[in-house]
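The structure appears below as structure tokens.
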């Protein structure tokens, strides 16, 4: 059983030191696509926090009490994809009903959470690292918080950079990729934190 200290170290490690986007390069499609405005990026981050945390809990329970119990662990990837797809549909219906502006702002990127490799990667990492259900949830929450931190920072930088003069060859995605690369280098500074 992990202690609170271990869970906090796991949370900080997954959100800052091993940031899913900046060190593992998972979830780049929504990271680059939705990071044009800070409010949209924050909405995507909150949606990803909800989906990853809940999917970590559900997939952990399913893995431990169904797949392992019946000896069908080899079906984990397929089962995890189905669980994630169902959760994303739930988030999409919730946002469409209760937060229509955010639903419209996220547009095509909301269903892309289903195929966001960070969501599936967390579920598979929880199994690979043999995390229990609670540690898996903390790992998922930390990963999602790290994704949110990275996407909001990039969105803020992109909003500021939109007012600057940028040489023609660097306009658009080259400039965003260079900024993301510099963010990755900056996040390497957190490696001495733990």
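What follows is calculated from the coordinates using simple rules that are stated; it is not laboratory data. Because the structure is a prediction, the values reported are computed rather than measured. Cβ coordinates were reconstructed from backbone atoms using ideal geometry, including for glycine residues, and neighbour counts include every protein chain displayed.
Highest mobility in the GNM of the chain, judged by mean-square fluctuation with C-alpha springs under 10 Å and restricted to 30, 169, 101, is found for 169.
Compared with the dominant principal axis of the Cα atoms in the chain, helix 173-187 is inclined by about 60°. With neighbour counts taken as other beta-carbon atoms within 10 Å, the residues 175, 165 rank, fewest first, as 165, 175. With the alpha-carbon atoms of the chain aligned to their principal axes, the span from lowest to highest coordinate is 60, 43, 27 Å, starting with the largest. Against the chain, whose longest principal axis comes from its Cα atoms, helix 133-161 is set at around 10 degrees. All Cα-Cα distances of segment 119-191, cut into 10 Å bins from zero to the largest, leave 17, 35, 28, 15, 6, 0 percent in each bin in turn. The alpha carbon centroids of segment 128-194 and segment 2-70 are separated by 13 Å.
Given the options 94, 31, 170, which has the most mean-square fluctuation in a GNM of the chain, springs set between C-alpha atoms less than 10 angstrom apart? Comparing 94, 31, 170 in a Gaussian network model of the chain, the most mobile one is 170.
Where does helix 117-128 land angle-wise versus the long Cα axis of the chain, in degrees 0 to 90, nearest 10? So the inclination is approximately 30 degrees. For the chain, set up a GNM with springs between Cα atoms under 10 Å and report which of 114, 179, 148 has the largest fluctuation. Among 114, 179, 148, the largest GNM mean-square fluctuation belongs to 179. Once both labels are positioned 7 Å from their Cα atoms along Cα-to-Cβ, the gap between residue 66 and residue 178 label points is 4.9 nm. Averaging the sequence gap over all C-alpha pairs within less than 8 Å and six or more residues apart, then dividing by the number of residues, gives the chain a relative contact order of 42 percent.
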